[in-house]
Amino acid sequence: MAHFTSLDELSTHEIERLIGRGLQLKQGAPVQPLPTKTVANLFFEHSTRTKCSFDMAEHHLGLHILPFETATSSVQKGETLLDTCKTLQAIGVDALVIRHGETGYYEQLQQQLSIPIINAGDGSGQHPSQSLLDLMTMYEAYGHVTGKTIVICGDLRHSRVARSNTQVLQRLGATVIGSGPREWFDETMGIAYRKMDEAVATSDIIMLLRVQHERHVDDYPFATEAYHERYGLTEKRMKWIRPDAIVLHPAPVNRGVEIAEALVEHPQSRIFDQMTNGVFARMAILERAFETSTTKETR
Ligand code: CP
């Protein structure tokens, strides 16, 4: 079963194949339409980029999309995630794209379902389709990440983007460091901490993270301006970055907090390229889900 729940489950060869396929699709490589397959997108947390780019990827692949909204479904009557998914499988859905606030929600589902689950983000756990589009963006810039230094800046503790990216980047031979508030640094991620000034000046890739207010249990301890000055990509710090360095942010961006307003569309920013790449990364992920299930069906 070609679940796509964490890049940890995939070999580095398979990850590089998906990056390559995403880049080919962006260049206009032909697709094999999948009009007999139906997908449902289940978003239990809010989303703009991930939901809309999965929708767009599904349209590009000719997939049928079964509309599903948590607000008008029997989730509101207490239906469990497992029962919702088993219901959709029973009525003929061929794959599920799921975002859910519970870290690792997919572990039980994987045992109970016979259709692929594509993880569109689980709590503070993993965001593998974001990592794939981030990797595509890095490969567009450098052709590879081996030997590159990536600093992930900001709210690491609450970030599934940070966790997904750290693991896969290290496997692909990159050095990952962390920066931002010490309170939000996560020692369990196995990366070194650097102060922001040093980190941005010595990295090839500067990955900024949104402050994840919705996952904080304590009050936000910083005034916006103070956070930006201490831990943001300010116009002053931007002058110190390497001439070929690139700036990433998974978005939504808090302009003037993680990054200065004027830098969001700076020539070295790849923030909107990441969003474009998200469509092609997700097409590659969906193709994989159906390639494998078709292969199994014909065995
Ligand atoms: N980067 C990201 O996951 O954005 P959304 O929450 O808008 O999907």
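The values are calculated or read from the model by the stated rules, or taken from the named source; none is laboratory data. Nothing here was measured: the structure is a model prediction, and the numbers come from that model. Backbone-built Cβ (ideal geometry, glycine too); neighbour counts: all protein chains shown.
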Any chance residue 115 is out of contact with any Gly (no Cβ under 6 Å at 6 or more places or on another chain), within 16 Å of the ligand (Cβ to nearest atom), β-branched (Val, Ile, Thr) and farther than 28 Å from residue 233 by Cβ: no
Residues (surrounded by fewer than 17 Cβ atoms within 10 Å (Cβ to Cβ), out of contact with any helix residue (DSSP H, G or I) (no Cβ under 8 Å at 6 or more places or on another chain), at pLDDT 95 or above and in a helix (DSSP H, G or I)) located in the stretch 219-273: 229, 236, 261, 272
Failed item, numbered, when residue 60 is tested on (1) touching a residue at least 40 places away in the same chain (Cβ under 8 Å); (2) crowded, with 18+ Cβ neighbours inside 10 Å: (2)
Candidates 198, 183, 235, 261, filtered to the one that is among the charged types (D, E, K, R) and closer than 29 Å to residue 102 by Cβ: 183
Qualifying residue in the stretch 68-89 (condition: among the charged types (D, E, K, R), touching a residue at least 12 places away in the same chain (Cβ under 8 Å), closer than 14 Å to residue 118 by Cβ and away from the ligand (no atom under 13 Å from the Cβ)): no
Qualifying residue in the stretch 279-291 (condition: within 13 Å of the ligand (Cβ to nearest atom), of a type outside the set (Phe, Trp, Tyr) and surrounded by fewer than 21 Cβ atoms within 10 Å (Cβ to Cβ)): no
Boolean, residue 93 is away from the ligand (no atom under 12 Å from the Cβ), hydrophobic (A, V, I, L, M, F, W, C), out of contact with any Lys or Arg (no Cβ under 8 Å at 6 or more places or on another chain) and modelled with pLDDT of 95 or more: yes
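Could you check the stretch 110-188 for strands (runs of 3 or more DSSP E) lying wholly inside it with 1 or more residues that are closer than 24 Å to residue 272 by Cβ and without any contact (Cβ under 8 Å) to a residue 40 or more places away in the chain?
Fully inside the stretch 110-188 and qualifying: 175-179.
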Residues within the stretch 233-278 that are within 14 Å of the ligand (Cβ to nearest atom) and basic (Lys, Arg), tallied: 1
Among the residues listed as 59, 13, the single one being assigned to a helix (DSSP H, G or I), at pLDDT 95 or above and touching a strand residue (DSSP E or B) at 6+ places or on another chain (Cβ under 8 Å): 59
First in the stretch 26-49 and at pLDDT 95 or above, second anywhere and of a type in the set (Lys, Arg), Cβ under 8 Å, 6 or more apart: 29/21; 41/51; 42/99; 43/51; 43/99; 44/99; 45/99; 47/99
Options 200, 211; residue that is surrounded by 13 or more Cβ atoms within 10 Å (Cβ to Cβ) and within 16 Å of the ligand (Cβ to nearest atom): 211
Hits in the stretch 20-56 (condition: of a type in the set (Val, Ile, Thr) and either more than 9 Å from the ligand (Cβ to nearest atom) or in contact with a His (Cβ under 7 Å, 6 or more places away or on another chain) (or both)): 31, 36, 38, 39
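Rundown of residues vs (1) surrounded by fewer than 24 Cβ atoms within 10 Å (Cβ to Cβ); (2) under 22 Å from residue 280 (Cβ atoms); (3) basic (Lys, Arg), yes/no style:
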| site | (1), (2), (3) |
| --- | --- |
| 105 | yes, no, no |
| 115 | yes, no, no |
| 126 | no, yes, no |
| 141 | yes, yes, no |
| 144 | yes, yes, no |
| 152 | no, no, no |
| 159 | no, no, no |
Unique residue being within 20 Å of residue 270 (Cβ to Cβ) and of a type in the set (D, E, K, R) when the list is 204, 186, 197: 204
Residue count for the stretch 164-173, restricted to those that are crowded, with 22+ Cβ neighbours inside 10 Å and either within 10 Å of residue 209 (Cα to Cα) or not β-branched (Val, Ile, Thr) (or both): 3
